[in-house]
1. Show me the strands (runs of 3 or more DSSP E) found entirely inside region 427-483 where at least 3 residues are modelled with pLDDT under 80.
2. Tell me, which helices (runs of 4 or more DSSP H) lie completely within region 7-85 with 3 or more residues that are of a type outside the set (Phe, Trp, Tyr), touching a residue at least 24 places away in the same chain (Cβ under 8 Å) and closer than 24 Å to VAL210 by Cβ?
3. Within region 298-314, count every residue that is open to solvent by 50 Å² or more (accessible area, probe 1.4 Å) and within 20 Å of ALA326 (Cα to Cα).
4. Kindly indicate the residue of region 235-258 that is open to solvent by 30 Å² or more (accessible area, probe 1.4 Å) and among the β-branched types (Val, Ile, Thr) and also modelled with the highest pLDDT among those meeting that condition.
5. Where the second residue is of a type in the set (Phe, Trp, Tyr) and buried (at least 18 other Cβ atoms within 10 Å of the Cβ) and the first is closer than 28 Å to THR284 by Cβ and lies in region 342-367, which pairs have Cβ atoms under 7 Å and are six or more apart or on separate chains?
6. What is the residue count in region 295-319 for residues that are part of a strand (DSSP E or B) and basic (Lys, Arg)?
7. Do you know which residues across region 370-394 are touching a Leu at 6+ places or on another chain (Cβ under 7 Å), under 15 Å from THR199 (Cα atoms) and modelled with pLDDT under 85?
8. Residue check, THR2 against (1) in a loop (DSSP other than H, G, I, E, B); (2) at pLDDT 90 or above, all met but one. Which one?
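The values are calculated or read from the model by the stated rules, or taken from the named source; none is laboratory data. Since this is a predicted model, take the numbers as computed values, not measurements. Neighbour counts run over all protein chains shown; Cβ positions are idealised from the backbone, glycine included. When the accessible area is computed, the model is the full protein with side chains, heavy atoms only, and any ligands, DNA or RNA have been set aside. Shrake-Rupley method; radii C 1.70, N 1.55, O 1.52, S 1.80 Å.
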Amino acid sequence: MTIEHLQKTPTGIAGFDEITNGGLPKGRPTLIAGNPGCGKTLLALEFLIRGALQYGEHGLFVAFEETADDLAKNVASLGYDLKDLIRRKKIAVEYIRVERSEIAETGEYDLEGLFIRIDYAAKRVNAKRVAMDTLEALFSGLPNHAVLRAELRRLFRWLKDKKFTTLITGERGEGESITRQGLEEYVSDCVILLDHRVTEDIATRRLRVVKYRGSTHGTNEYPFLIGNDGISVLPITTMSLDHKTSTERVSSGVPRLDDMMGGKGFFRGSSILISGTSGTGKSTLGAIYAAACAARGERCLYLAFEESPDQIMRNMKGIGLDLRLAVAKGLIRFVASRPSLCGLESHLAEIHKHMDDFMPQNIVVDPITNFLGVGSVSEVKAMLSRLVDGMKARQITTVFTSLTAGAAREDSMVGVSSLMDTWLQLRDIELSGERNRLIYVLKSRGMNHSNQVREFLITSRGIRLVDVYLGNGQVFTGSARASQEEREHLERQLLTDESDRKRRDAARRKTVVEAQIAALRATLASEDEELTTSAAAAHMAVRLAGKAQLKLDNLRDAPTNASNGTK
């Protein structure tokens, strides 16, 4: 068995088609209700214009309050040329003038004449989309509510039979009623409620899909904006967590900080939070990252909510960073504004607009805690959640800075730490009459990272990380570290000198002993020589004695021999 799904007509309005899972019900009427100034007419016009420009579906706008010239002027601020579309017969505007003073109810009241005019105008441009603005003007002169309700039903049925994808605008009713007549919401297949509210002097427009027959849809209230490019509904990006990830790493701009993250830096496309108290160097680290991006030839969008671009560039010049050159090359773009300039949703839409225009690979947001002056913690977190999702979907590496209230407080103040892939915490400590800065990696998903607390210095040549010095069970930083290092250096020097003295004494003793050994060897050699000489003399004496004895023996034998010879 094949299930036939409801066909939909995309509006082309940013974010709206996402929360309605594809757009408006095709060939069915949709009601847009709201108070004056909430954007009903502009939404209906943009539905027709985008249909003609993006989807090739011509449209008909039935107006009961404004003429074609008035409507053309209204949408010109959004960048649309309605007169040109009318001239090219992509859109038709049918203005129906309704004056209560000119209406006299006689006999049976019906809308047959209206049907004929709409049908004729739609055929003139082959319209697939129809917008009617507003129903209250059409029925303002009809006091008979029973007839009114019957004709409303007939109007909606006729539009549905003609298979027009229709947007009908209506004024907000009293109490729980969505519209003034309290009937339109029941006969419409889709009902969209617009709201324009002011909270703490900040105006916000919101949209909610009250019902949508035959389709699932987002049921929350979604902020929407009316800007130079038309209407955009937030969230602008997808609501699902299916972002792609990258194993590529990018440098933080501080080599020894990269070493704390496996020697490679951040993951590309990740979100990095740098939090700390005032003056710990959060903005400096953000600016150094922006400079590192420019050095790699990558574009970086710098969103400043506390300082002007000139002030940031002047301050960074003091640590050896010349950001003006990167700005001139188009590698860094500053966007600076006070958070109180507009609502959170407006800021979010503006950021997306800058992302679409500049197409950055990297973004610095400095600081996010300033948004707390515009909305509550929950509202700021919701806005930043959508922002983080949008940046991850685009694989944009983003550095957020956040002010914390206490020196040892591990808190982002706006509750977004769980959304971040890497969290760097900055601290300052007071020791020996001075304050020194420390940095550590609180978390960094997907990588081995250092658990050490490191001291860092902001110098005229940037940020330099130094090892935290441990001695006598205490942590020493700054001048205290230098003093402790000097003391231990002197101690090591004394030990070295003592060792050298002992080596010299040993060498002298060795020399004396070796001289004594040499003298003894000489004495022994002399004695050996004397012994050898004595032995040789004794040997010679023995030989001489032997020879003498031989001669004596020979002399004794001589007379006997002589006598024997005479005989």
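1. Passing ranges, in order: 469-471, 474-476.
2. Details: elements: 16-19, 40-54, 68-76.
Output list reads 40-54.
3. Step one: of region 298-314, the residues open to solvent by 50 Å² or more (accessible area, probe 1.4 Å) are 299, 306, 308, 310-311, 314.
If we keep only those that are within 20 Å of ALA326 (Cα to Cα) as well, we get 299, 308, 310-311, 314.
Of the residues in region 298-314, 5 are open to solvent by 50 Å² or more (accessible area, probe 1.4 Å) and within 20 Å of ALA326 (Cα to Cα).
4. Step one: list which residues in region 235-258 are open to solvent by 30 Å² or more (accessible area, probe 1.4 Å), which gives 236, 238-249, 251, 253, 255-256.
When the remaining residues are screened for being among the β-branched types (Val, Ile, Thr), the result is 236, 238, 245, 247.
On the way: ILE236: 51, THR238: 52, THR245: 86, THR247: 91.
Selected residue: THR247.
5. Pairs that qualify, where the first residue is closer than 28 Å to THR284 by Cβ and the partner is of a type in the set (Phe, Trp, Tyr) and buried (at least 18 other Cβ atoms within 10 Å of the Cβ), are LEU344/PHE371; VAL364/TYR289; VAL364/TYR302; VAL365/PHE400; ASP366/PHE305; PRO367/PHE305.
6. Step one: of region 295-319, the residues part of a strand (DSSP E or B) are 300-304.
Filter again for basic (Lys, Arg), leaving none.
Of the residues in region 295-319, 0 are part of a strand (DSSP E or B) and basic (Lys, Arg).
7. Selection gives VAL374, GLY375, GLU379.
8. THR2 satisfies all of (1) in a loop (DSSP other than H, G, I, E, B); (2) at pLDDT 90 or above except (2).
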